[in-house]
Amino acid sequence: MLNEIRAALGPVARVGKEITYLPTCPSTNDLLKAMAEAGAGEGTVLIAGEQTRGKGRLGRSFTSAAGKGVYLSALLRPDLSPEALMPLTGFTAEAMGRAVHRVSGVRPGVKWVNDLLLNGKKICGILTESAFSTGGQLKYVVVGVGLNVNYETKDFPPELQALAGSLLTETGCSYPLPNLAAAMIEALDELYTALLTGQTGPYLAAYRQHCLTLHKDVRLIQNGVSVPAYALDVDESLGLLVRCPDGSETLIRSGEASVRGLYGYAE
């Protein structure tokens, strides 16, 4: 697998200079964080054939079956302000959408803030985790991505089958995992270069274009309470600007509330 990924990988500036592949591991994010603490270099990528304890946002589990998807994490050590890194998770979704398109010709949409969807089904999850020194200085960021590639509907737990999908379920085609892994690494490398050089304008424009949440009625869910709103736009940090029923407008950050479509996960 590793040789196939390297053969498919084009030139990279930082992300993907070092790649480790494991047939199985509990969580690529957790293991790469341990590697980072042990001194792993910037741009190190860890890929697993399967994860036994894959995880998503808010501690949710992420299905990570062997041979069915690409599960990778990348280590970044940016000398950037926390404000500059705020859109990283959402921009990673845009980057992964580009990677999927390069290999499959299909362009997923983005449900705010960072889920990739095809036909209303979630095919990719993204989790970024940061570590700081005791003095509050950023030490590193680990960007984890799980892309469902060759899953069949029966491969998902019954409670997820209405929400989760894969490139196979949504296009009817299977795709080579090494080629997708290589495209994902290249896309992360391109995004990281854009972040470091302050050239993220095209990512913001593309995110607005591909965000399925915008210009729709949505529900804001916070502490179990659902409030209707209308999604207007995202700002430069990918905060979601919404109009409330009383006509007022407010900006929502990803840690403050989750967003669902009025009639389902995305719609």
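Rundown of residues vs (1) assigned by TED's automatic domain parsing to the domain that holds Pro82; (2) among the polar types (S, T, N, Q); (3) within 14 Å of Leu88 (Cα to Cα), yes/no style:
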{"position": "Gly165", "(1), (2), (3)": "yes, no, no"}
{"position": "Cys173", "(1), (2), (3)": "yes, no, no"}
{"position": "Pro178", "(1), (2), (3)": "yes, no, no"}
{"position": "Gln199", "(1), (2), (3)": "yes, yes, yes"}
{"position": "Leu204", "(1), (2), (3)": "yes, no, yes"}
{"position": "Gly239", "(1), (2), (3)": "no, no, yes"}
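Scan the stretch 45-60 and tell me whether some residue there is assigned to a helix (DSSP H, G or I), within 21 Å of Ala182 (Cα to Cα), not aromatic (Phe, Trp, Tyr) and not assigned by TED's automatic domain parsing to the domain that holds Leu238. Write out each step before concluding.
Of all residues in the stretch 45-60, those assigned to a helix (DSSP H, G or I) come to 57-59.
Right, trim to within 21 Å of Ala182 (Cα to Cα) and you get none.
No, the stretch 45-60 contains no residue that is assigned to a helix (DSSP H, G or I), within 21 Å of Ala182 (Cα to Cα), not aromatic (Phe, Trp, Tyr) and not assigned by TED's automatic domain parsing to the domain that holds Leu238.
Of the residues Ala66, Ala131, which is touching a residue at least 12 places away in the same chain (Cβ under 8 Å), assigned by TED's automatic domain parsing to the domain that holds Ser27, surrounded by fewer than 16 Cβ atoms within 10 Å (Cβ to Cβ) and touching a Phe, Trp or Tyr at 6+ places or on another chain (Cβ under 7 Å)? Quick ask: steps written out before the conclusion?
Numbers: Ala66 fails: touching a Phe, Trp or Tyr at 6+ places or on another chain (Cβ under 7 Å).
Testing whether each residue is touching a residue at least 12 places away in the same chain (Cβ under 8 Å), assigned by TED's automatic domain parsing to the domain that holds Ser27, surrounded by fewer than 16 Cβ atoms within 10 Å (Cβ to Cβ) and touching a Phe, Trp or Tyr at 6+ places or on another chain (Cβ under 7 Å) leaves just Ala131.
Using the structure shown, decide if Gly109 is surrounded by fewer than 23 Cβ atoms within 10 Å (Cβ to Cβ), touching a residue at least 40 places away in the same chain (Cβ under 8 Å) and touching a strand residue (DSSP E or B) at 6+ places or on another chain (Cβ under 6 Å). So Gly109 fits the description; yes.
Determine which member of the set Leu180, Leu168 is part of a helix (DSSP H, G or I), without any contact (Cβ under 8 Å) to a residue 40 or more places away in the chain and closer than 18 Å to Gly49 by Cα.
On the way: Leu180 fails: without any contact (Cβ under 8 Å) to a residue 40 or more places away in the chain.
Unique residue meeting the criteria: Leu168.
Of Ala93, Ala99, all but one fail to be crowded, with 23+ Cβ neighbours inside 10 Å and either free of Cβ contacts under 8 Å to residues at least 40 places away in the same chain or in contact with a His (Cβ under 9 Å, 6 or more places away or on another chain) (or both); the exception is Ala93.
Just checking, which of Val225, Val234 is closer than 16 Å to Ser258 by Cα and either in contact with a Cys (Cβ under 8 Å, 6 or more places away or on another chain) or surrounded by 22 or more Cβ atoms within 10 Å (Cβ to Cβ) (or both)?
Exactly one of Val225, Val234 is closer than 16 Å to Ser258 by Cα and either in contact with a Cys (Cβ under 8 Å, 6 or more places away or on another chain) or surrounded by 22 or more Cβ atoms within 10 Å (Cβ to Cβ) (or both), namely Val234.
Annotation: Glu190 fulfils all but one of (1) in contact with a Ser or Thr (Cβ under 8 Å, 6 or more places away or on another chain); (2) within 30 Å of Ile5 (Cβ to Cβ); the unmet one is (1).
The values are calculated or read from the model by the stated rules, or taken from the named source; none is laboratory data. Predicted model only: the values in this text are computed from it and were never measured. With ideal geometry, Cβ positions are generated from the backbone for all residues, glycine too; neighbour counts draw on all protein chains shown.
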